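As structure tokens, the structure follows; a few thoughts come after it.
Where a number appears in this text, it was derived from the coordinates with a stated rule and is not lab data. Nothing here was measured: the structure is a model prediction, and the numbers come from that model. In this analysis, Cβ positions are derived from the backbone assuming ideal geometry, glycine residues included, and neighbour counts consider all displayed protein chains.
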Amino acid sequence: MKISVITVNRNDSEGLRRTILSVTGQTVRPHEFIVIDGASTDGPADLLKEFSGDITYGVSEPDKGIYNAMNKGVAAASGDWCIFMNAGDTFCSPSVISDVCSSGATADIICGNALILEEPVRRKTPPEEISLRFMYGTALCHQAVFIKTDLLRKRPYAETLKIVSDRKFFLQSLILDNCSYQAVDIDICNYDISGYSAKNRFSSEQEWRSVLETLLPGRILRDYGREAEGALYGTSAYERLFLEIGRRRWRKPVYNLVKGLLSLLSIFIPSARFVKKISK
């Protein structure tokens, strides 16, 4: 397998160094290592120079956001598959590339496990089969996915989106275009939850709902969407209230206030404990 590792960065030189060391520490090196920096001011040019022998293509220049930077990385890639290991994220072990190459996986989109770096560390495993139900309510961990380069060129990331362009790509590719998919039981990445999308979950869900409204017919959103949410979170009165608040696009302070009140209720009312699961 010819794998291109693409790393995008903006003002996180410390995280970028960790990611570079993780990539260069692989027992089987990737086909190429591409670093796209968005004109950071905290010293990435020095890192690009320091690791020039390990980085196949590196550039530090202004860009139009994270997905513009990712598209730049894809444009420079020559491998058959790409994986995005952004600044601060690392491979779980030095054998990840070797393990994936020897797994026999050949699908358009190959997904492994992600270790979510929270307390305690949580392993996120991909589903054996992809469905609209899964894609509607959650997402594949981008840093644990190997994507055919041709597919990324055919459908570049939407640069008008700030957070969920990768989710939109997966929904379009796996559900609407029926691209091939394969799950592998390999720990791929340590996912850094200090990134932009992880810190802006409310905005992420609002943007995702906008994407769903654009891509899916209204009848699917009204019927299947509610059914999928009910299957994920249940159908108690408290659960329905929480989901309805999410649909209304209320302002974030109101959203957080109600979630806090429901969390308080969950201490005394067992049926409200779902809030803890949702907030994880």
*Set Lys and Arg Cβ to +1 and Asp and Glu Cβ to -1, take the dipole of the stretch 3-198 about its Cα centre, and tell me which of TYR157, VAL8, CYS111 lies farthest positive.*
TYR157
*Counting Lys +1, Arg +1, Asp -1, Glu -1, what net charge surrounds VAL5 among other residues with beta carbon under 12 Å of its beta carbon?*
-1
*asked:* To the nearest 20 Debye, how big is the dipole of the stretch 58-161 about its Cα centre, given +1 on the beta carbon of each Lys and Arg and -1 on that of each Asp and Glu?
replied: 220 debye
_Gain on full stretching of the segment that runs from ARG122 to ILE193 - 0.36 nm per residue minus C-alpha separation_ = 24.4 nm
*asked:* Give me P(r) over the stretch 3-198, computed from all C-alpha to C-alpha distances, binned every 5 Å, as integer percentages.
replied: 1, 8, 17, 22, 22, 17, 9, 3, 1, 0
*Using θ = phi - 60° and the Karplus curve 6.51 cos²θ - 1.76 cosθ + 1.60, what whole-Hz ³J(HN,Hα) does each residue of the stretch 57-72 get, with Gly and Pro shown as x?*
9, x, 8, 10, 7, x, 9, 9, x, 4, 6, 5, 5, 5, 5, 4
_To the nearest 20 Debye, how big is the dipole of the stretch 3-198 about its Cα centre, given +1 on the beta carbon of each Lys and Arg and -1 on that of each Asp and Glu?_
460 debye
*Please work out how much length the chain gains when fully extended from ASP42 to ASP80, using 0.36 nm per residue of separation minus the C-alpha to C-alpha distance, in nm with one decimal.*
10.4 nm
*asked:* What number does the stretch 1-100 give for Rg over Rh if you use C-alpha atoms and the Kirkwood radius?
replied: 0.93
_Place a point 7 Å from the Cα of ARG209 along the Cα-to-Cβ direction; which residues of the stretch 133-160 have their backbone N under 19 Å from it?_
133-139
*Do the alpha carbons of any pairs in LYS124/LYS168; LYS64/LYS124; LYS124/LYS162 sit beyond 28 Å of each other, and which pairs?*
LYS64/LYS124
*Find how many whole Å separate the alpha carbon centroid of the stretch 133-191 from the alpha carbon centroid of the stretch 1-35.*
19 Å
